[in-house]
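The block underneath contains the structure these notes are about, expressed in structure tokens.
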Amino acid sequence: MSIKELFTLKNKNVWLTALFYIALILIGKLSATEFVIVYALETVIIGIFHVVKMLTITFLSDNMKNDKGKGVGLTLFFLVHYGFFVFIQTTFFFVFLSMGDDRISDSLGVSNFLNVLQFEGVQIALVLMIISHAFKFWFNFYKNKRYQEVELALYMFQPYVRIIIQQFVAIIPGFFIILGNGGYAVAIVLILIRTTVDLYLTKIKTNENAFQKAVDLFMKDYKKNEDKMLEEEKVIQFLKMVTEE
């Protein structure tokens, strides 16, 4: 990706988000630990908005006119499955961070969620995050009628890949916080990693050559047989679904 490509209009939101978080950290409104917490809690926000999207597909998509019961059922299934997934990951994550921050408990349950929501830096960052996801929902999904184009059973799995990446990325700086209290350096490293991932996803979404390279990477070790075209189509659908936001 060239320098010119990095600063195009399509990457504006990515850079603005990164600069906002950096500003909060530099003025002391958001600590390194709090930023890692916010980044992990985005998993919850993504899940909430995804439930809204699934319900939008269920009740507004022409393809679901006769399958509203199925749509509600899939939404409930996602809510339970994703909720359990998030509960396990965030419980592990809070236990992990409690080793380096005495404000966080290693106990199970929702107490840590209620606790971290009292942190001023977390509150400010979460407000920004909710506004950002609300804009994405309105302009990238609802207003342009994206809900008419997606298959609900497939779309249900859309957030899983991204949140796995998020949790993995969030845990790396956590090690530094526990072992050495990395402070600003840890937060900046996490912001840089997050920004790099977002820029790459934006590129493969908007650049045909980059998208095809990503497809080829997935297909690199696939055997040449009669199913190759079918598998490549599945990869294309998968990448479009993951990067559609």
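Every number in this text was worked out from the coordinates using simple rules, so none of it is lab data. All figures in this text were calculated on a predicted structure; none of them were measured in a lab. No Cβ is skipped: glycine too gets one built from the backbone with ideal geometry, and neighbour counts run over all protein chains shown.
Here is how the numbers come out for the structure above:
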quantity	calculated
Rounded to whole Hz, the Karplus (6.51, -1.76, 1.60) HN-Hα couplings of region 115-130, x for glycine and proline	5, 5, 5, 7, 6, 4, x, 5, 4, 4, 5, 5, 4, 4, 5, 5
Contour excess over end-to-end distance, with Cα ends at residue 88 and residue 165 and 0.36 nm allotted per residue	26.2 nm
Dipole moment magnitude, nearest 20 debye, region 7-77 about Cα centre, only Lys, Arg, Asp, Glu C-beta charged	200 debye
Rg to Rh, two decimals, where region 109-159 supplies the alpha carbon set and Rh follows Kirkwood	1.16
Computed label-point distance, nm, for sites residue 115 and residue 95 using a 7 Å Cα→Cβ extension	1.4 nm
Whether region 39-137 is rounded, prolate or oblate, judged on the alpha carbon gyration tensor where a/c under 1.5 counts as rounded	oblate
Inter-site label distance for residue 77 and residue 145 at 7 Å from Cα along Cβ, in nm	2.8 nm
Length released on extending from residue 235 to residue 55, taking residue separation times 0.36 nm less the Cα-Cα span	62.2 nm
Contour minus Cα-Cα distance for residue 189 and residue 103 (0.36 nm per residue)	28.7 nm
